[in-house]
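J.: Sending over a structure as structure tokens; questions will come in a sec.
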Amino acid sequence: MLELAILGLLQEAPMHGYELRKELATKLGTLRAAISYGTLYPTLKRLKLAGWISEAEANSDIIPPLTSKRGRVVYKITADGKERFADLLTQTGPETYDDAGFGVHFTFFSRTDQATRLRILEGRRRRIEERREGLREILARAADRLDAYTLELQRHGLDACEREVRWLEELITNERSGRTPAGRNRAAGTPAAETAPPPETPRPHQDRP
């Protein structure tokens with residue numbers, strides 16, 4: 001998933017390593033725990049060796065003070081990298097239904113074809129429905145053996161699953177109708193429907209330097 005995220009961000013603009021890490025942490029909260037320089041730079045090296053990105057020396061006027069030599073490198077996506085990114089966008093395997101995979105793909109849904117979006121949304125719905133049923137089973141079989149706080153945590157998880165299923169069903173309905181997500185009713189200031197995003201929904205970046 002990190003490969004897809006990096007190529008997608010570099011398709012928007014060339015970036016330093018520190019800019020990439022900042023963008024990844026801001027837009028892709030589901031990957032936040034995995035985004036360290038120890039993870040990022042080996043991935044960048046692998047993408048460069050594959051010919052999907054290239055390096056260039058940054059203009060000295062925009063290099064932050066005390067930046068290391070590695071931080072002075074600007075990464076750019078190549079033509080092959082753009083083809084690789086397009087190929088990754090079409091993938092709809094089980095990994096795209098997990099929290100991290102779904103979050104990354106959802107970030108780039110505006111560049112994904114409708115059929116692929118639908119497959120991912122439907123797969124994600126099945127995954128969350130399975131999670132929901134597992135929690136229901138736990139509550140039905142073991143509620144009387146759980147302490148109050150564990151019971152509350154299980155109920156919280158079940159409530160989150162139910163909200164996400166409703167949110168996904170609305171997105172699927174919109175996709176099948178050819179509509180973009182309704183979002184909030186700005187005039188009324190209330191949600192267009194009782195929906196909720198998945199955990200760590202990507203947010204638009206606000207403070208790129």
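J.: Got at least one residue in region 48-56 being modelled with pLDDT under 95 and either closer than 16 Å to Pro14 by Cα or within 25 Å of the chain's Cα centre (by Cα) (or both)?
T.: Checked against the condition, which is being modelled with pLDDT under 95 and either closer than 16 Å to Pro14 by Cα or within 25 Å of the chain's Cα centre (by Cα) (or both), region 48-56 yields at least one hit.
J.: Related question: What number goes with the only condition from (1) open to solvent by less than 20 Å² (accessible area, probe 1.4 Å); (2) modelled with pLDDT of 95 or more that Gly71 does not pass?
T.: (2)
J.: Report whether or not Leu146 is modelled with pLDDT of 95 or more and either of a type in the set (A, V, I, L, M) or open to solvent by 90 Å² or more (accessible area, probe 1.4 Å) (or both).
T.: Spelling it out, it is not the case that Leu146 is modelled with pLDDT of 95 or more and either of a type in the set (A, V, I, L, M) or open to solvent by 90 Å² or more (accessible area, probe 1.4 Å) (or both).
J.: OK, next. Within region 1-44, which residues are assigned to a helix (DSSP H, G or I), under 23 Å from Thr112 (Cα atoms), modelled with pLDDT of 90 or more and open to solvent by 30 Å² or more (accessible area, probe 1.4 Å)?
T.: Matches in region 1-44: Gln11, Glu12.
J.: Now for a separate question. From Leu88, Leu135, Leu121, grab the single residue that is over 20 Å from the mean Cα position of the chain (by Cα), surrounded by 13 or more Cβ atoms within 10 Å (Cβ to Cβ) and part of a helix (DSSP H, G or I).
T.: Leu135
Conditions (1) at pLDDT below 90; (2) open to solvent by 40 Å² or more (accessible area, probe 1.4 Å); (3) under 18 Å from the mean Cα position of the chain (by Cα), marked per residue:
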{"position": "Trp167", "(1), (2), (3)": "no, no, yes"}
{"position": "Ile172", "(1), (2), (3)": "no, no, yes"}
{"position": "Arg176", "(1), (2), (3)": "no, yes, no"}
{"position": "Arg184", "(1), (2), (3)": "yes, yes, no"}
{"position": "Gly189", "(1), (2), (3)": "yes, yes, no"}
{"position": "Glu194", "(1), (2), (3)": "yes, yes, no"}
{"position": "Pro197", "(1), (2), (3)": "yes, yes, yes"}
{"position": "Pro202", "(1), (2), (3)": "yes, no, yes"}
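The values are calculated or read from the model by the stated rules, or taken from the named source; none is laboratory data. Quick caveat: nothing in here was measured; it's all calculated off a predicted structure. Reconstructed Cβ throughout: ideal geometry from the backbone, glycine too, with neighbour counts over all protein chains shown. Ligands, DNA and RNA are stripped out before the accessible areas are found, and what is left, the full protein with its side chains, is counted by its heavy atoms. Shrake-Rupley method; radii C 1.70, N 1.55, O 1.52, S 1.80 Å.
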